[in-house]
Amino acid sequence: CPGCGDFSVQAAIQRAAANVGLNPDELAVISGIGCSGRISGYINSYGVHSIHGRALPIAQGVKMANRDLTVIASGGDGDGFAIGMGHTIHSIRRNIDITYIVMDNQI
């Protein structure tokens with residue numbers, strides 16, 4: 001769609017992984033639903049396309065199961081700041097080593 005930043009975010013994740021020397025088996029990308037949720041399927045890594053607002057709990061579980069993985073969770077503003085706000089707050093509180101990218105399409 002016009003103005004969509006999803007592919008820019010995908011390219012940035014791929015570039016960052018390459019720059020730090022991550023192999024595909026060292027990275028897990030967990031995404032929410034919607035347009036931004038497709039990112040996990042287009043990056044050469046482990047990936048989960050989760051349900052609306054639940055990318056963070058799944059990402060935390062992945063990290064707890066394999067602490068050696070670099071885990072990136074991504075989703076839209078609805079995932080992170082609407083239906084998933086409780087998970088966002090508690091993920092911050094738990095301070096598990098994951099990266100969370102929220103793409104705000106202002107809808």
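DSSP finds beta bridges in segment 6-103, and of those with both partners inside it, around 0 percent are antiparallel.
Mind checking segment 8-61 for trypsin sites (Lys or Arg not before Pro) that DSSP puts in a loop (not H, G, I, E or B) and that have at most 11 other Cβ atoms within 10 Å? The partial results should precede the final answer.
Working: sites: ARG15, ARG38, ARG54; in loops: ARG54.
The qualifying sites: there are none.
Averaged over residues, the count of other Cβ atoms within 10 Å places the peptides 39-51, 93-105, 69-81 in the sequence 69-81, 39-51, 93-105, highest first. Classify the chain as rounded, prolate or oblate, taking a ≥ b ≥ c as the square roots of the eigenvalues of its Cα gyration tensor: rounded when a/c is under 1.5, otherwise prolate if a/b is larger than b/c and oblate if not. Oblate.
Quick check: residue separation of SER8 and ASP97 times 0.36 nm, minus the Cα distance between them. What number comes out in nm?
Numbers: separation 89, 0.36 × 89 = 32.04 nm, distance 2.34 nm.
Length gained, SER8 through ASP97: 29.7 nm.
Where a number appears in this text, it was derived from the coordinates with a stated rule and is not lab data. It should be emphasised that the depicted structure is a prediction, and the values quoted were computed from it without experimental measurement. Cβ coordinates were reconstructed from backbone atoms using ideal geometry, including for glycine residues, and neighbour counts include every protein chain displayed.
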